[in-house]
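Colleague: Supplied in C-alpha cells, the structure appears directly below.
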Amino acid sequence: MNIRVFQTAEDAAHAAAAAVTAQLARKPASVLGLPTGRTTLAVYDELARLHESGTADFSRAHTFNLDEFVGLAANDKRSYCAFMQKHLFTRINLPGSHIHFLNGGARNHQEECDRFEREIAALGGMDLLLLGIGANAHIGFNEPAHALHARSHKTRLALATRRANASLFGGRLDRVPREALTMGIGTMLDARAVVLIATGREKARAIGSMFEGRISTDRPASVLQLHPRVEVILDLPAAEKLPQSGFDAQA
Ligand code: GLP
C-alpha cells in the first residue's frame, strides 16, 4: 500500500480530491465508489471547487455509495443519500441517473443488495473506490465481526458507530438506526484502485492496524492489504501509529 502523510487534514482532503479528478481525466466515464462521513466533507468541498473551476467533469461518471441506514428513504434528510446530495451531488454535474445508492427504505433488503451488486457489475465494476474508515477500522458499514461478508448485505451497527453517527440524528443515539445496508468487502476489493483517507488522532489506531502485516476480521480495513492498488492518505495525527519506516512522508 502506498501511504502519503500530509501536514494538515485539508492537504489530505485535497490529495484525495486530486486522485478522483485524475481518475476522471484518465477515464471520463469512470465508475466511482464514494463514502460519507465528516472526513469526506473537505474532499467533497474540494471536488465541488475543482468542478467549478472546470477541472473535474462528472458528466459521464457513475457513483456507487457505500452504505445507507435501514429504514431511511432516499429523501429522508438524515439519510446518507441526503448527505451526498447536499455535500456533493447538487454541486457537480453528475447526472441524477448516474447516482447509485443502496435504498434503506427497500422492503426486501437482500433483493436490494443483489440489485446494487448487479448494477456495479453491469457498469464494469468500480474504477476507483474512495474510502473513509471508522475508529474501529470499519469500512463502509462492515463492522468488526467473526466473519466478514463478501457482498453487499444488511449489517448491525456497532454502538461506537451509532454514536459516531448520532450528529445526523440531532445527537440522539436512540434515533440512530441499528441496522444498515453496506457494500461487501469482496465488492470493495474488486475495485481496480482504492484510495482511503483518514484524518485525526481518533483514526490512528485503526490506521495502524492496517499495517501490522496481519489480516483480521476484527479490523475490517486490514483486508485492504490484499489489494494491489491502495493509496492511504493521512494527516499527521492519523499517521501517529504507523510503523516508523516504509512510508512516503509528504509532511
Ligand atoms: C461512517 C461511514 C463510513 C465512514 C465512517 C467514518 O460510519 N459508514 O463509510 O468511513 O463513518 O466517518 P467520519 O469520517 O465521520 O469519521
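Bear in mind that the values in this text are calculations on the coordinates, not laboratory data. What you are looking at is a predicted structure, and each value in this text was computed from that prediction instead of being measured. Methodologically, a virtual Cβ is constructed for each residue, glycine included, from the backbone with ideal geometry; neighbour enumeration extends over all protein chains shown.
Colleague: How are the Cα pair distances of the stretch 173-229 distributed, in percent, across 5 Å bins from 0?
Modeller: Percent of Cα pairs in each bin: 4, 15, 22, 21, 20, 12, 5, 2, 0.
Colleague: On to the next question. Which whole-number percent gives the relative contact order of the chain, counting Cα pairs below 8 Å spaced six or more residues apart? Can you show the working numbers first?
Modeller: Values: 535 pairs, mean separation 66.6, N = 251.
With pairs under 8 Å counted, the relative contact order is 27 percent.
Colleague: Report, to one decimal in Å, the Kirkwood hydrodynamic radius for the chain based on all distinct Cα pairs. Working shown, then result.
Modeller: Working: mean 1/r = 0.0555 Å⁻¹.
Result for the chain stands at 18.0 Å.
Colleague: Ordered by packing density, taken as the mean number of other Cβ atoms within 10 Å over each peptide's residues, highest first, how do 121-129, 218-226, 170-178 rank?
Modeller: 218-226, 121-129, 170-178
Colleague: Please report the net charge: other residues with Cβ closer than 13 Å to the Cβ of residue 13, K and R +1, D and E -1.
Modeller: Net local charge, residue 13 excluded: -2.
Colleague: Check which residues have an amide H placed less than 5 Å from residue 129's amide H, if you skip close sequence neighbours.
Modeller: 33, 193, 194, 195
Colleague: A further question on this structure: Mind listing the long-range amide H neighbours of residue 179? Cut-off is under 5 Å, sequence gap 5 or more, other chains count too, H placed in the peptide plane at 1.01 Å from N.
Modeller: 70, 157
Colleague: For the stretch 106-111, in order, what is each residue's ³J(HN,Hα) by Karplus, 6.51 cos²θ - 1.76 cosθ + 1.60 with θ = phi - 60°, in whole Hz (x at glycine and Pro)?
Modeller: Result, ordered by residue: 5, 6, 9, 5, 5, 4 Hz.
Colleague: Test of the criteria: in the stretch 1-108, which trypsin sites (Lys or Arg not before Pro) are in a DSSP loop and have at most 11 other Cβ atoms within 10 angstrom of their Cβ?
Modeller: Qualifying residues, ordered by number: 77, 107.
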